[in-house]
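One structure is given below, encoded as structure tokens.
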Amino acid sequence: MTLESLLIILFIGAIAGWLAGLIVKGYGYGLLGNIVIGIIGAFVAGLILPQLGLSIGAGIVGAIIHATIGAVILLFLIRLIKRA
């Protein structure tokens, strides 16, 4: 893994985590929290979306949308678990 690919992963994770925080209307998680939520969200979306037959375009914008959908799902599940 090159430095460039690592920076792109961190950038996409940060944007996706930030967008998911805005969508779920939670409070900010900070830069590191947004990166972690975005990266985990990308993995969640990578597991769920293909099972549903959904495909999102390629490129950085597609990756951000993909990771944001997964991060929203992740934050929603976390919110449900905290309320239980």
Percent relative contact order of the chain, based on C-alpha pairs within less than 8 angstrom and at least six residues apart? 35
Per GNM of the chain with C-alpha springs under 10 angstrom, the most fluctuating residue out of A58, A42, A71 is A58
Relative to the compact-globule scaling 2.2 N^0.38 Å, provide the ratio for the alpha-carbon radius of gyration of the chain. 1.06
Which trypsin sites (Lys or Arg not before Pro) in the chain sit in a loop by DSSP (not H, G, I, E or B) and have at most 16 other Cβ atoms within 10 Å of their own Cβ? K25
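Between F11 and L52, what length comes free when the chain is fully extended (0.36 nm per residue of separation minus the Cα-Cα distance, one decimal in nm)?
Difference between extended and current length: 12.1 nm.
Bear in mind these aren't lab numbers, they're just calculated from the coordinates by the rules spelled out. Bear in mind the structure is a predicted one, so any value in this text is a computation, not a measurement. Positions of Cβ are generated from backbone atoms using ideal geometry, with glycine treated the same way; all protein chains shown enter the neighbour counts.
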